[in-house]
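Worksheet: the structure to be examined is printed underneath.
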Amino acid sequence: KSHRVKISGDEVSIFGAGGAARAVLYGLISHFRPGVVHLLNRSIERATTLRDFFVKSFGFRQIEVVDLYTPASLKAVSRSKLIVNTTPLGMSPNISDSPLQSEAYFKKGQTLVDLVYNPMETRLMKMAKSKGVKTIGGLEILLCQGARSFELWTNRKMPVVKVRRTLRSYLSNN
């Protein structure tokens, strides 16, 4: 919530079509109501299955499946206000990997959320930052998810500041 981006009616791009993409897509259509969601994946079949699930289960039809490695991906990402990476591309030890190979996809005014938390700043995030894009790393997502789980299991608030500091220290030293 502290990073909420007003995207109602705007275009959104999601890299990936697995479980994390499913969760992100559900959150987006339930709470933000984007105009169009572009599902960018290397497996068109997998992305199509995910799209069809959301059309059938929630009636959300504004999902476009895009092959990640075609020129159509540049068009989709460059038009999106929010871009979310749900793939493991860029995760340690493969830190040179990225779902995109160029900063040409990005422009100022966009927000990138990369669910990868190790490293804390991925190659994808560095490319986006070079174009003035606001970036949110996976560590914050992991932390918020952990805090909510902690609260559900223990009926207590997690010491978020202390845990954030510990996670940052650990990831910085590894």
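Structural remarks
- Tally, over segment 151-165, of residues that are assigned to a helix (DSSP H, G or I), more than 17 Å from GLU140 (Cβ to Cβ) and open to solvent by 100 Å² or more (accessible area, probe 1.4 Å): 2
- Among residues of segment 11-67, those that are of a type outside the set (Val, Ile, Thr) and surrounded by fewer than 18 Cβ atoms within 10 Å (Cβ to Cβ), counted: 25
- In segment 72-94, of all residues being basic (Lys, Arg) and part of a helix (DSSP H, G or I), the one that is most open to solvent (accessible area, probe 1.4 Å) corresponds to LYS75.
- Conditions (1) modelled with pLDDT under 95; (2) in contact with a helix residue (DSSP H, G or I) (Cβ under 7 Å, 6 or more places away or on another chain): number failed by VAL37: (1)
- Once segment 121-145 is narrowed to residues that are assigned to a helix (DSSP H, G or I), surrounded by fewer than 19 Cβ atoms within 10 Å (Cβ to Cβ) and modelled with pLDDT of 95 or more, the residue that is farthest from the chain's Cα centre (by Cα) is SER130.
- Every test in (1) within 26 Å of ALA147 (Cβ to Cβ); (2) β-branched (Val, Ile, Thr); (3) part of a strand (DSSP E or B) is passed by VAL37 save one, and that test is (1).
- Annotation: of all residues in segment 95-116 being of a type outside the set (Gly, Ala, Ser) and within 15 Å of GLY16 (Cβ to Cβ), the one that is most open to solvent (accessible area, probe 1.4 Å) is ASP97.
- Subset of segment 95-120 [closer than 25 Å to ASP10 by Cβ, under 14 Å from the mean Cα position of the chain (by Cα) and in a loop (DSSP other than H, G, I, E, B)]: SER98, PRO99, LEU100, GLN110, LEU115, VAL116
- Cβ-Cβ under 8 Å pairs, at least 6 apart or on other chains, segment 117-129 side more than 13 Å from ASN85 (Cα to Cα), far side aliphatic (A, V, I, L, M) and open to solvent by 60 Å² or more (accessible area, probe 1.4 Å): PRO119/ILE95
The values are calculated or read from the model by the stated rules, or taken from the named source; none is laboratory data. Because the structure is a prediction, the values reported are computed rather than measured. No Cβ is skipped: glycine too gets one built from the backbone with ideal geometry, and neighbour counts run over all protein chains shown. Only protein heavy atoms, including side chains, enter the accessible area calculation; ligands, DNA and RNA are left aside. Shrake-Rupley method; radii C 1.70, N 1.55, O 1.52, S 1.80 Å.
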